[in-house]
Amino acid sequence: MHTDTQPPVILAIESSCDDTSAAVLRGDRILSNVIASQKVHEQYGGVVPELASRAHQQNIVPVVDTALRQAAIDRRMLSAVAFTRGPGLLGSLMVGVSFAKSMAQGLEIPLVEVNHLQAHVLSHFIKESDESVVPKFPFVCLLVSGGHTQILLLHDHFHMEVLGQTIDDAAGEALDKAAKIMDLGYPGGPIIDRMAQQGDATAYHFATPNIAGNDYSFSGIKTSFLYFLRDRLAEDPQYIERHCADLCASIQECIVGFLLKKLEKAVIKSGVRQVAIAGGVSANSRLRKGLEQMGQRHGWQVFIPKFQYCTDNAAMVGIAGYFKYLNGEYADPALPPYAN
């Protein structure tokens, strides 16, 4: 258990997918958050694991060095090193985990392992100033990304109760797949969001599955979108080009509307008055606006992360590491990373 009067200074490392990131926090206050993105995957239409791990190897030292310099922190001032242990791509995780272990061992300071998904949710507790407002427990958070879709009830920082989740694909994956079907490029979700601004969200209707309770299913939406376009393209090979903005707006409306409908139901049933979103898809403008409107309707306090904390970043790993450090939850240096 941490008893020092000075807040701990934590170096955090995130390398679960294709972004190499390092951040420095003093207590819950962010001092730096550096992210190196990998452009190499765009030509392949998705992340290539082998290329990702190689790029992490090239990026990790300069990224950590930049984070320490931006924070004006000498490595001898560090109290602990926090790192993403999983889930993620094993080769990518291995780079961050190995670096974190070596650095902690060299400086003779504790290691703190962090779950990538918990980190996304806890990003709401990062403070940039004394005025930063953070959620109070209990609150509900919709965690929505390319790999995960869950509605969580948080009782404290690490006690997260699953109220609902996807039974197949994630919402982010469905958006990316829709973009791939239309050959819009990678990553697809942000491209659909951008194109949708010029489109009519009521132009097309795609049915959402009737799943019991608070759970989601997105595989059927992807399939219906694929078949719809297959039939239209048979009649008009230029159909996507002619109707691209409306198609983007409509498929986004279908997916986001489904996310919000289940979230609203879960929050009402839980009786809590604070609602948050987290994960890569929390950057989606339709989801952000829809949650704000829902909050106004019900009188809820809504927490929407800044864009730099939506995608994979080390600041969220640092805040999760900070709370674990306070609890004295240090990691065994022999711990391996995990993919799932």
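The values are calculated or read from the model by the stated rules, or taken from the named source; none is laboratory data. Keep in mind it's a predicted model, so treat the numbers as computed, not measured. So basically every Cβ, Gly included, is an ideal-geometry build from the backbone, and we count neighbours across all protein chains shown. In case anyone asks, the SASA skips ligands and DNA or RNA and just uses the protein heavy atoms, side chains included. Shrake-Rupley method; radii C 1.70, N 1.55, O 1.52, S 1.80 Å.
Quick notes
- Whichever residue in the stretch 180-193 is under 19 Å from the mean Cα position of the chain (by Cα) and of a type in the set (A, V, I, L, M, F, W, C) and, among such residues, is surrounded by the most Cβ atoms within 10 Å (Cβ to Cβ): I192
- For the stretch 118-170, the set of residues classified as in contact with a Pro (Cβ under 9 Å, 6 or more places away or on another chain), modelled with pLDDT of 95 or more and buried (at least 22 other Cβ atoms within 10 Å of the Cβ) consists of H120, S123, H124, I126, C141, L154, listed by residue number.
- Looking across the stretch 64-109 at every residue that is open to solvent by 70 Å² or more (accessible area, probe 1.4 Å) and among the basic types (K, R), the one that is farthest from the chain's Cα centre (by Cα) is identified as R76.
- Condition met for R297 (closer than 14 Å to M182 by Cβ, free of Cβ contacts under 8 Å to residues at least 40 places away in the same chain and loosely packed, with under 15 Cβ neighbours inside 10 Å): no
- Among the residues making up the stretch 215-231, a single one is within 12 Å of K177 (Cα to Cα), hydroxyl-bearing (S, T, Y) and under 21 Å from the mean Cα position of the chain (by Cα): S219.
- Among residues of the stretch 310-329, those that are of a type outside the set (S, T, N, Q) and open to solvent by less than 20 Å² (accessible area, probe 1.4 Å), counted: 9
- Pairs with Cβ under 6 Å, 6+ apart, first in the stretch 312-325 and modelled with pLDDT under 95, second of a type in the set (D, E, K, R): D312/E14; D312/D19
- Looking only at the stretch 212-241, and only at residues there that are of a type in the set (A, V, I, L, M, F, W, C) and over 29 Å from K261 (Cα atoms), the one that is least open to solvent (accessible area, probe 1.4 Å): L233
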